[in-house]
1. Evaluate segment 1-18: report whether one residue or more is at pLDDT 75 or above and not in a helix (DSSP H, G or I).
2. Mind telling me which of the residues Val33, Val84, Val44 ends up being touching a Lys or Arg at 6+ places or on another chain (Cβ under 8 Å), β-branched (Val, Ile, Thr) and not in a helix (DSSP H, G or I)?
3. Can you name every residue in segment 80-90 that is over 11 Å from Ile107 (Cα atoms) and either in contact with a helix residue (DSSP H, G or I) (Cβ under 7 Å, 6 or more places away or on another chain) or of a type in the set (Ser, Thr, Tyr) (or both)?
4. I'm checking my understanding of the structure. Among residues of segment 28-42 that are in contact with a helix residue (DSSP H, G or I) (Cβ under 7 Å, 6 or more places away or on another chain) and either among the aromatic types (Phe, Trp, Tyr) or closer than 17 Å to Asn109 by Cβ (or both), which one is modelled with the lowest pLDDT?
5. Take segment 61-80 and flag every residue that is among the basic types (Lys, Arg) and either part of a loop (DSSP other than H, G, I, E, B) or closer than 13 Å to Ser41 by Cα (or both).
6. For the structure I just gave you, tell me whether Tyr104 is among the hydroxyl-bearing types (Ser, Thr, Tyr) and either loosely packed, with under 12 Cβ neighbours inside 10 Å or out of contact with any Phe, Trp or Tyr (no Cβ under 7 Å at 6 or more places or on another chain) (or both).
7. Could you grab the pairs with beta carbons closer than 6 Å, sequence gap of 6+ or different chains, first residue in segment 90-101 and under 15 Å from Gln42 (Cα atoms), second one in a helix (DSSP H, G or I)?
Amino acid sequence: MRLLLISLLSLSLAACETVVLKPPPDIAVDHSVKPTYTWLSQNVFGEICSYCHAARPPFLMDYRSIQNVVKAGKPLESRLYYMVATERMPKGSKLSEEKKWAIYHWIQNGAKND
């Protein structure tokens, strides 16, 4: 019984692990990668996220709905960046460093509808 209690306590503490987000590394980004809503809409949100998030929350199919998961100018406080930076999304795969870079810098630059 005591061993079971210790095991459960260990699992609880592991679940409370703090994740420290950092900006993406400065990488040589392909010039076709752009930190704009238009580029992300075509190459990330529409191509990758829509597979799941067109039908279930958080819905990521238009600019207005995506604003629910970003804090303009604050990527390290934005749920969208958190989910891709920690590789919790997309499920079953991960975004390229260039796409993470584009998301981070789009949010950093104000998450504008450009």
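The values are calculated or read from the model by the stated rules, or taken from the named source; none is laboratory data. Only a predicted model underlies this, so the values are computations on that prediction, with no experimental measurement involved. Quick reminder, even Gly has a Cβ in these numbers, built from the backbone with ideal geometry, and neighbours come from all protein chains shown.
1. The answer is no, given that none of the residues of segment 1-18 is at pLDDT 75 or above and not in a helix (DSSP H, G or I).
2. The unique qualifying residue is Val33.
3. Within segment 80-90, Tyr82, Val84, Ala85, Thr86, Met89, Pro90 meet the criteria.
4. Val29
5. Those that are among the basic types (Lys, Arg) and either part of a loop (DSSP other than H, G, I, E, B) or closer than 13 Å to Ser41 by Cα (or both): Arg64, Lys71, Lys74.
6. Here the answer is no, as Tyr104 does not meet what is asked.
7. Short answer, once both residue conditions are applied: Leu95/Val84; Lys99/Val44; Lys100/Val84.
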